[in-house]
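The values are calculated or read from the model by the stated rules, or taken from the named source; none is laboratory data. Worth saying up front: this structure is predicted, and the values here are computed from it rather than measured. Glycine gets a Cβ as well: all are built from the backbone with ideal geometry, and neighbour counts include every protein chain shown.
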Amino acid sequence: MSYPEGTPLHWADTDPHVVFVAVVYKTVDLSWISAMIKKLRVPLWDWFFFWQRVPKKIPIDPSRFRLLNPHVIRETAFSFLKYPQPRQHLWGWDQNVPTLGVSALNLASLLCDEVSLVGFGYNLSQQGVPLHYYDHLPMTVMQQQKMHNVGKETQLLHKLVKEGVITDLTGGIHCSFCSS
């Protein structure tokens, strides 16, 4: 599950049954997804609208692509996180876009009877710790971004774990098995 800028530049997964769930945040994301499915080149003009390099191809059979219903992102932002509606800005953004992780959690809660977390949680006090399990970006990257409110997301996750709605297997949000 990814959006264009979050998708690995070099695809390492060779599982023929892998499913790619594309998440759309902006119009140009649809052009990119269409190009990936049809095995075409992304139009040169579209590259201007991505904030980071995106893959030129994803070696997955077109039948293995899915498109996330935008309602999942909207529900995550406005119903669960209680973000305000976006406002027009000449420059910059509101901090009201949920992370892909919390959006995936919402999707999982719609599809599954039980949901468990592994490796969730932003400990912003440990700035040199890796942000993700799959790359080498440090935790400081999350403090620099302007789109996500990880404090509000952490509060939501903490509440869901404490109420037993979801299970935190690694203790990143709430460690019920820790000594302290």
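Numbers at a glance
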item	result
Near pairs, Cβ below 9 angstrom, 6+ apart or cross-chain, from the stretch 50-70 (within 17 Å of VAL24 (Cβ to Cβ)) to any residue that is hydroxyl-bearing (Ser, Thr, Tyr) and not in a loop (DSSP other than H, G, I, E, B)	LEU68/SER103
Residues of the stretch 103-122 classified as in contact with a helix residue (DSSP H, G or I) (Cβ under 6 Å, 6 or more places away or on another chain) and over 12 Å from HIS174 (Cα atoms), total	4
Test for GLN95: is it farther than 24 Å from ASP13 by Cα, modelled with pLDDT under 90 and either under 15 Å from the mean Cα position of the chain (by Cα) or not polar (S, T, N, Q) (or both)	yes
Qualifying positions in the stretch 129-154 - modelled with pLDDT of 75 or more and more than 17 Å from the chain's Cα centre (by Cα)	THR140
